[in-house]
Amino acid sequence: QVQLVESGGGLVQPGGSLRLSCAASGLIISIYNMGWYRQAPGKEREWVAKITRAGTTNYADNVKGRFTVSRDNDGRTVYLQMNTLKPEDTAVYLCAADLGQRIQWGQGTQVTVSS
């Protein structure tokens, strides 16, 4: 059974940092394209970043230069390092695995940026 579990969210002041983790069971992350998304209250789900099977990374324009996606060599965990956080980064952050025939989603972790 494939499962993704995010962790690392919380409350942080503007300008602060958080590192989110996405732990996988039932699949090896490094053989799939993995993505991070976020959804703020009342807004549509938004793509944030991705890391491909080859290790290539891409970012949404509004997080480029502040967020970094990476993965462990063990192929089980994907990370999202978030620096210089802004109030508009407040959202539930979800990781996703592109399994080809479907997308596997995690349950999400709440990030709140507020003073």
Based on what the data block shows, is Pro14 touching a Lys or Arg at 6+ places or on another chain (Cβ under 7 Å), not in a strand (DSSP E or B) and not aromatic (Phe, Trp, Tyr)? yes
Being under 14 Å from Asp98 (Cβ atoms) and among the β-branched types (Val, Ile, Thr) is true for just one of Thr84, Thr77, Thr68, Thr56. Which residue is that? Thr56
Sole miss for Gln101 among (1) of a type in the set (S, T, N, Q); (2) modelled with pLDDT under 95; (3) open to solvent by less than 50 Å² (accessible area, probe 1.4 Å) is condition (3)
With respect to Lys64, determine if the residue is outside any strand (DSSP E or B) and open to solvent by 50 Å² or more (accessible area, probe 1.4 Å). yes
Quick one: in the stretch 35-61, which of the residues that are farther than 19 Å from Val111 by Cβ and among the small types (Gly, Ala, Ser) is surrounded by the most Cβ atoms within 10 Å (Cβ to Cβ)? Gly55
Can you report the number of residues in the stretch 1-23 which are in contact with a Ser or Thr (Cβ under 7 Å, 6 or more places away or on another chain), hydrophobic (A, V, I, L, M, F, W, C) and open to solvent by less than 30 Å² (accessible area, probe 1.4 Å)? 2
Taking only pairs six or more apart or across chains, which ones have beta-carbon atoms under 6 Å, a first residue in the stretch 103-115 that is closer than 18 Å to Gly35 by Cβ and in contact (Cβ under 8 Å) with a residue 60 or more places away in the chain, and a second residue that is in a loop (DSSP other than H, G, I, E, B) and of a type in the set (Val, Ile, Thr)? Gln104/Val2
Return the pairs, sorted by first residue and then second, in which the second residue is of a type in the set (D, E, K, R), the first residue lies in the stretch 1-21 and is more than 13 Å from Tyr93 (Cα to Cα), the beta carbons are less than 7 Å apart, and the residues are 6+ apart or on different chains. Pro14/Lys86
Return yes when Glu88 is surrounded by fewer than 17 Cβ atoms within 10 Å (Cβ to Cβ), of a type in the set (Asp, Glu), at negative phi and not in a loop (DSSP other than H, G, I, E, B) and no when it is not. yes
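Quick check on this structure: which one of Thr68, Thr77, Thr90 is of a type in the set (Ser, Thr, Tyr), within 14 Å of the chain's Cα centre (by Cα) and closer than 21 Å to Gln1 by Cα?
Only one candidate qualifies: Thr77.
The values are calculated or read from the model by the stated rules, or taken from the named source; none is laboratory data. This structure is a prediction, so every number in the text was calculated from the model and none was measured. Glycine gets a Cβ as well: all are built from the backbone with ideal geometry, and neighbour counts include every protein chain shown. Side chains are part of the model used for accessible areas, which takes the heavy atoms of the whole protein and leaves out ligands, DNA and RNA. Shrake-Rupley method; radii C 1.70, N 1.55, O 1.52, S 1.80 Å.
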